[in-house]
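This report concerns only the one structure given below.
The values are calculated or read from the model by the stated rules, or taken from the named source; none is laboratory data. Quantities reported herein were computed from a predicted structural model and do not represent experimental measurements. Neighbour counts are summed over all protein chains in view; Cβ atoms, including those assigned to glycine, are modelled from backbone coordinates with ideal geometry.
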């Protein structure tokens, strides 16, 4: 980062407003810088991260060398202006010239994985517990059950507590079960026809896992992080 000129001497007491002003200037500079970004996937899937999480290449996460754990960062591909908001849950990358490793799912939101590397800007949004989870940005959905069986919209990576999720597919599919954030597993085995809709309204925050499959017994687990949405007060 560049040296930031301050109006006050750093000797003595630094006020809260001084710190906020300096951080804002640093973040403003960060938004202008262009970084080299890659992704990591299969070789690390299921392994532990530097912060104690289990790496999930289908989750929207990223590794960074200095951002704190659970920081939300908006990553913008400078070539196509596509964006994705990721949660920092690991350290890295450890390749010279690279500034961030995205999970496979996060990378796919802004570029094809065949590209391997992209150039992007970063905007630090803050810690996930302090950032409003109201979905002002377009949600990213997991549509594929199998190659032939796909949801019309699907299971989003992030969802708002109290909203209703509706699942409908182009072919018959089965809701095998749901794992709730508290670890409870609900076995469902519900067969859903193409003209039918499966509905669920999450009633707790945290990670949900939907086990879905097709009529041939092939199945897939889809994860969704649910958070409460606190709208700013209107004055």
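General remarks:
- Residue within region 200-208 that is under 30 Å from residue 77 (Cα atoms) and modelled with pLDDT of 90 or more present: yes
- Single residue of 162, 97, 114, 154 found to be more than 16 Å from the chain's Cα centre (by Cα), at positive phi and modelled with pLDDT of 90 or more: 97
Each row is one residue, and each column tells you yes or no for (1) crowded, with 17+ Cβ neighbours inside 10 Å; (2) more than 18 Å from residue 48 (Cβ to Cβ); (3) free of Cβ contacts under 8 Å to residues at least 60 places away in the same chain.
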site	(1), (2), (3)
72	yes, yes, yes
77	yes, yes, yes
82	no, yes, yes
97	no, yes, no
101	yes, no, no
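- Residues in region 56-68 include at least one that is over 25 Å from residue 32 (Cβ atoms), touching a helix residue (DSSP H, G or I) at 6+ places or on another chain (Cβ under 6 Å) and surrounded by 17 or more Cβ atoms within 10 Å (Cβ to Cβ).
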